[in-house]
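Student: Starting off with a structure, shown below.
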Amino acid sequence: MHRSACRILLLALLSAALPSMAIDLARDGRALVRIAVPAAPVRLEKMALSDLQEFLGKMTGARFEAVAETELPAGEPAIYLGWTRFAQAQGIDAAKLGKEEWVVRTVGDSLVITGGRPAGTFYAVWKFLNGLGCYAMAMDCYSAPPRRSLSVPGLSVQGRPPFAGRLIYNDFPGAAMAGGMPADLQEQYRLFALRSGTNGEQTHRQKQYYYGDLFNISTVPFHHTLTLYVPPKKYFATHPEYFAMNAQGQRFAPQGFAKGSLCMSNREVWKVTLESLRSFIRRDRAERAKEDWPVLYDISLLDNSPYICKCPACTAISKEEGSECGLLLRYINYVATEIAKEYPEIIIRTFAYSAARKPPKKTRPAANVLLQVCDEFPQADAFRPLTHPLNAHNLASLKEWAATGARIQFYDYWNISGVYFDPPRWETVLDALQPDLRLFKELGAVGLFVEFERDHVSPQPFYDLAYFVASQLMMDLDVDVEALVDAFLPAYYGAAAPVMKMLLAEMREGVRKQPTKMAIHIGGAWRYFTPENALRYYHLLKAAAASLPAGGVHRQRVESELLTLCWAVLARQVTFGPVFRAGGVSMDQLVAECEAYARQHIMRIKPANAKFFLDRFHQKFDKIKAVLPRPAKFKGVADESFRLLAFPQASPIPNIHSEVVDDADSITGKAIVSHGPSKTANDHGVGKMIQATPTIRVPNLKFVLGNIGPKHDIKPGTQWEISTVLRKVHQDEKYHWYKLRGAVDLQEKSYFWGHAWAIQFKTNSVYVLTDGVADNNVWEAWFSAKFTGPAYVPGSTRPDAIYVDMVALVRPGAAGVAPDDDALSQAEPTVVKPPEFASVPDGAIRVFDVRAARPIPKLCTEVVADRDSATGKALRTYGPAGAKHGFNVRVPGQQPSTKFCIGGANGDSMLILQGLEDNFENYHWFRMKKPVQITAKSYFWGFNWALQFHPRGLYDPKGTAEDNTWEVWFSVKFTGPAYVPGSTQKDAVWIDRLVFVKPGLMK
Ligand SMILES: [Zn+2]
């Protein structure tokens, strides 16, 4: 029996290897064959039949009739579609094929098109049609090359998609539903989604015809799902220990699907999660037909959560694993392993990103765990392949995951929409697609989730082309991309195809040649997008559009490309405007064109609620078309020496509470306002520090104009970034100009920022390409700011807030800037040499006051007013709760409480104080035991870590060891009974100054 089975298999293989001759399907618009169908096709097989009939019909003009296989007369050639007896008799056992596997084979003068269930036969039809030049290119664009007589060569094709999960998330169906796209177009989209071969879910608002197993997910949302399994509403009040602990030792409840996590070392959490999972599976199986049962459940980290849990038990595991991913995987593995005992087919998907970005040292995911690994976009250049040297960091990270042998789905980002495409740019990701998708396959990915949101109001150039090529590649990594481009352009743009091809070729070449990394969220300047080239592209596109019939879809699509081009020019009108005006194109004309093209682009999908999209358009566009008034202070400056950034360039960050608001106080009518990252009084006030990142604190009133990214050489006499820290602000709650010190040489990626990162203005609109030759990007800068609330203005009843309405850039030395209101902005007082050091020459001493202090609120350290200090201020610590004070006692960390240190190239220099000579609660000067050779990282600390001074600018990178060697003195005050017997003050240590003196000058 075995032997005969082998024989049949062998025969089948032989017939596969030797396909029969070409067969004729149609002649002169008449079908020569009928389509034989089995008795009980499934839904997608019925749709396969209708697509086959429709597209063969479109090509040939013929009608291809369907006939039940059982009624087909013996000997009549046919196209056998689906699970036919004929196919079975040929040794094709479709029941044994994969769910998406296809077979297309000629047998004699008949053709077999079949595949596994549910999707194999449908994909087989489209594989067959693709071979004839028929493609689903966009929801409203198909190609079906006319051939009144059609014959196909002998075929023997069997295959399946290289990835089981294929989703290019375009954000289209969700937005289109929200905007009221009519039912017939909704249906068009659903058909396109199926025909394009993608198999993922985009939104619950629109159910697609088919989802692959890796995307058939029953929960809402699809990602960031931890709280579905352990709901805070149900558990937080009674079991706060189920949830993450923060660095301050407090448990906190996540907010929706973000900002929080679970305590993943808690076994009760494991059990609750498992129980929830069981209940979801039971619910799905009760509610759904068997073929619709999900096999994948997502249990993944919430969004915007930089860590999982900081409780001691979780911390110990994360430390042991070298990554919080180990903590996550121990939890996930338990759930996955337990559920596999009951449901061996179930897959548990989780995110390896954010806190879990790094592979753990020990734990490997269980066999039924699918890891979604992100190609994190802030570091990536999405336009060049991951194998490009600029993407080495991201590639290494993906390879590290692949090397673990985990089952992986890659989560990638292309040039996504919205704030990431604002202002729009002239660019394409087309040439990164094939190399990256091949790479993902080589790295063992079983699924892909790509974020490639379509920008609904300023479409990314050639968006539909990139989507089409990518969807084809996801079905076959070896398709000929250039052939697809050549098929697409005439189908999509009609007679404009040659012009579009030329523009596309120039854009692709420019992307290839760009020497710098182009991260999507920064949106830098492409070298090829010069004013002169942009003007040429504009004229080419205009002429191409004009050559097409008005009102036709081809013209509309060319004009949608023009929309983005014109917008990209307007965003740079300061530098592009003169060239366009010289070419006879005014900025007003571009504004009018943008508005007309945008309306047309939006209306192409006939939304019942066009306002939904028009509002988005105006929100994004109106700031670009704004004509800003020249501030009085700069009225005298020549046009070529002046640039202004205002609300059109403002880039607020809502999750740290900054926004653009109407403001009648501003001459522009709007400003960006920062309410403060934590929205508390801690965020505001002069002389305060503010948390910029979980690890970095910066002065509250530091404002910077500077470059982002790897440092390049800059021009002599200029700086990489210029800044000021305001020591005083105007008290009238009105706008005033403040100056940044120095001149900056702006690079392709730069920003103005302040109040940590909450206040931002993009500067890419003023950057010009000079290849580093001219001084066109060298600027001095002022910003116009208003400070409100009691933190700045005593007695104010307004909320604490910082407003910035304008940033003015002026060429260094340009005439015509009116004097500053007063010297407030320069108000960095010099530090006075303490009288105790009067004998030391000025050049041999450096004095630092509390402006060099780095308070740590967690350790109860703050900068406070102190009349005892000659400077009026001191850095004070009470120590964390329960801290021990006194001489010869140890604070937590086993350090003597009165030990003071400074690090240097020659080791730490320190001093442990044993007592005071006079027992007065006043400042005393002490000298550290030995001189220290200062490095860029040297800083002073005391009371364990609570008292820190960072003497920035002291280290001289060009200096010798001797130049950098200093004696160190500090001025300290001890208060409270632990230090001064009988004191009624609270125990505390205060430091007001740190002094560096050349060795040997002080006794
Ligand atoms: Zn924990």
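Student: Can you find, within region 327-341, the residue that is nearest to the ligand (Cβ to nearest atom) among those that are under 14 Å from I281 (Cα atoms) and in contact (Cβ under 8 Å) with a residue 60 or more places away in the chain? Walk me through it before giving the result.
Tutor: Initial filter on region 327-341 (under 14 Å from I281 (Cα atoms)): 335-336, 338-341.
Still in the running and in contact (Cβ under 8 Å) with a residue 60 or more places away in the chain: 335, 338-339.
Numbers: V335: 16, E338: 20, I339: 22 Å.
Taking the candidates together, the pick is V335.
Student: Cβ-Cβ under 7 Å, sequence separation 6+ or interchain: first residue in region 376-392 and over 16 Å from V450 (Cα atoms), partner modelled with pLDDT of 95 or more. Which pairs?
Tutor: The qualifying pairs are T387/P435; T387/L439; L390/R384; N391/R384.
Student: A further question follows. Restricting the search to region 276-314, which residues are closer than 21 Å to A258 by Cα and of a type in the set (V, I, T)?
Tutor: Our first condition is that a residue be closer than 21 Å to A258 by Cα; within region 276-314, this holds for 276-277, 297-311, 314.
Result: I299, I308.
Student: Now for a separate question. Within region 638-648, how many residues are at pLDDT below 90 and of a type outside the set (D, E, K, R)? Steps first, answer last, please.
Tutor: To start, the set of residues in region 638-648 that are at pLDDT below 90 comprises 638-641, 648.
Filter once more, keeping what is of a type outside the set (D, E, K, R): 638, 641, 648.
The qualifying residues number 3.
Student: Moving to a separate point now. Starting from residues that are within 16 Å of the ligand (Cβ to nearest atom) and of a type in the set (S, T, N, Q), keep the ones in region 258-316 and report whichever is most open to solvent (accessible area, probe 1.4 Å).
Tutor: Here the answer is T315.
Student: I want to confirm something. Restricting to region 363-408 and keeping residues that are of a type in the set (V, I, T) and not in a strand (DSSP E or B), which single residue is most open to solvent (accessible area, probe 1.4 Å)? Outline the logic, then answer.
Tutor: Taking region 363-408 as the starting set, the residues that turn out to be of a type in the set (V, I, T) are 363, 369, 373, 387, 404, 408.
From the residues that got through so far, the ones that are not in a strand (DSSP E or B) too are 363, 387, 404.
Working: T363: 24, T387: 88, T404: 28 Å².
Ranking the qualifying residues of region 363-408, first place goes to T387.
Student: Still on this structure, I have one more. Mind listing whichever residues of region 134-154 are part of a loop (DSSP other than H, G, I, E, B), surrounded by fewer than 16 Cβ atoms within 10 Å (Cβ to Cβ) and small (G, A, S)?
Tutor: Those that are part of a loop (DSSP other than H, G, I, E, B), surrounded by fewer than 16 Cβ atoms within 10 Å (Cβ to Cβ) and small (G, A, S): S149, G154.
Here is a yes/no grid of residues against (1) under 21 Å from D683 (Cβ atoms); (2) aromatic (F, W, Y); (3) at pLDDT below 90; (4) in a loop (DSSP other than H, G, I, E, B):
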residue	(1), (2), (3), (4)
E748	no, no, yes, yes
Q760	yes, no, no, no
V768	no, no, yes, yes
G772	no, no, yes, yes
V793	yes, no, no, yes
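Student: When residues of region 317-326 are filtered for being in contact (Cβ under 8 Å) with a residue 40 or more places away in the chain and either open to solvent by 50 Å² or more (accessible area, probe 1.4 Å) or under 30 Å from G212 (Cβ atoms) (or both), how many remain? Reasoning before the result, please.
Tutor: The first filter runs over region 317-326 and keeps only residues in contact (Cβ under 8 Å) with a residue 40 or more places away in the chain, leaving 317, 320-321.
Imposing the further condition that a residue be either open to solvent by 50 Å² or more (accessible area, probe 1.4 Å) or under 30 Å from G212 (Cβ atoms) (or both) reduces the set to 320.
Of the residues in that region, 1 qualify.
Student: Looking at (1) within 26 Å of N415 (Cα to Cα); (2) in contact (Cβ under 8 Å) with a residue 12 or more places away in the chain; (3) away from the ligand (no atom under 16 Å from the Cβ), can you tell me which one A355 breaks?
Tutor: (3)
Student: Name the residue, out of V157, V112, V125, that is more than 18 Å from Y209 (Cα to Cα), touching a helix residue (DSSP H, G or I) at 6+ places or on another chain (Cβ under 7 Å) and crowded, with 21+ Cβ neighbours inside 10 Å. Explain how you work it out, then say what you get.
Tutor: On the way: V157 fails: crowded, with 21+ Cβ neighbours inside 10 Å; V125 fails: more than 18 Å from Y209 (Cα to Cα).
Residue meeting the stated conditions: V112.
Student: Further question on the same structure: Can you name the residue in region 231-257 that is closer than 21 Å to L329 by Cα and of a type in the set (A, V, I, L, M) and, of all such residues, is least open to solvent (accessible area, probe 1.4 Å)?
Tutor: In this case the residue turns out to be A244.
Student: What do you reckon, is P360 part of a loop (DSSP other than H, G, I, E, B), open to solvent by less than 10 Å² (accessible area, probe 1.4 Å) and either within 15 Å of the ligand (Cβ to nearest atom) or under 26 Å from S276 (Cβ atoms) (or both)? Lay out the reasoning, then the answer.
Tutor: Numbers: part of a loop (DSSP other than H, G, I, E, B): yes; open to solvent by less than 10 Å² (accessible area, probe 1.4 Å): yes; either within 15 Å of the ligand (Cβ to nearest atom) or under 26 Å from S276 (Cβ atoms) (or both): yes.
For P360, the condition - part of a loop (DSSP other than H, G, I, E, B), open to solvent by less than 10 Å² (accessible area, probe 1.4 Å) and either within 15 Å of the ligand (Cβ to nearest atom) or under 26 Å from S276 (Cβ atoms) (or both) - is met.
Student: Additional query: Sort through G75, G61 and tell me the only one that's on the phi > 0 side of the Ramachandran plot, modelled with pLDDT under 95 and open to solvent by 30 Å² or more (accessible area, probe 1.4 Å). Before the answer, list the steps.
Tutor: Values: G61 fails: modelled with pLDDT under 95.
Within the list G75, G61, the selection yields G75.
Student: In region 900-983, which strands (runs of 3 or more DSSP E) lie fully inside it and hold 3 or more residues that are open to solvent by 50 Å² or more (accessible area, probe 1.4 Å) and on the phi < 0 side of the Ramachandran plot?
Tutor: Because the criterion is at least 3 residues that are open to solvent by 50 Å² or more (accessible area, probe 1.4 Å) and on the phi < 0 side of the Ramachandran plot, no strands (runs of 3 or more DSSP E) in region 900-983 meet it.
Student: Additional query: Among the residues of region 737-753, is there at least one that is over 18 Å from A692 (Cα atoms), out of contact with any Gly (no Cβ under 7 Å at 6 or more places or on another chain), among the charged types (D, E, K, R) and open to solvent by 30 Å² or more (accessible area, probe 1.4 Å)?
Tutor: Yes; the residues of region 737-753 include at least one that is over 18 Å from A692 (Cα atoms), out of contact with any Gly (no Cβ under 7 Å at 6 or more places or on another chain), among the charged types (D, E, K, R) and open to solvent by 30 Å² or more (accessible area, probe 1.4 Å).
Student: Something else: Looking at region 530-538, can you tell me whether even one residue there is surrounded by fewer than 21 Cβ atoms within 10 Å (Cβ to Cβ), farther than 30 Å from P629 by Cβ and modelled with pLDDT of 95 or more?
Tutor: yes
Here's the yes/no breakdown for (1) of a type in the set (S, T, Y); (2) open to solvent by 80 Å² or more (accessible area, probe 1.4 Å):
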residue	(1), (2)
D842	no, yes
V850	no, no
T861	yes, no
R867	no, yes
T877	yes, no
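Student: While we're here: Would you be able to tell me the number of residues in region 190-215 that are under 27 Å from the mean Cα position of the chain (by Cα) and part of a helix (DSSP H, G or I)?
Tutor: Result for region 190-215: 4.
Student: When you look at P344, is it of a type outside the set (G, A, S) and more than 11 Å from the ligand (Cβ to nearest atom), yes or no? First the steps, then the outcome.
Tutor: On the way: of a type outside the set (G, A, S): yes; more than 11 Å from the ligand (Cβ to nearest atom): yes.
Answer is yes for this residue.
Student: Confirm whether S458 is of a type in the set (S, T, Y) and over 22 Å from N199 (Cα atoms). Reasoning before the result, please.
Tutor: Working: of a type in the set (S, T, Y): yes; over 22 Å from N199 (Cα atoms): yes.
Yes; evaluated as a whole, the condition is true for this residue.
Student: Yes or no: region 165-183 includes at least one residue that is touching a strand residue (DSSP E or B) at 6+ places or on another chain (Cβ under 9 Å), within 16 Å of the ligand (Cβ to nearest atom) and part of a loop (DSSP other than H, G, I, E, B).
Tutor: Scanning region 165-183, I find no residue that is touching a strand residue (DSSP E or B) at 6+ places or on another chain (Cβ under 9 Å), within 16 Å of the ligand (Cβ to nearest atom) and part of a loop (DSSP other than H, G, I, E, B), so the answer is no.
The values are calculated or read from the model by the stated rules, or taken from the named source; none is laboratory data. Being a predicted model, the structure only gives us computed values, none of them experimental. Neighbour counts run over all protein chains shown; Cβ positions are idealised from the backbone, glycine included. Just the protein is used for accessible areas: all its heavy atoms, side chains included, with ligands, DNA and RNA removed. Shrake-Rupley method; radii C 1.70, N 1.55, O 1.52, S 1.80 Å.
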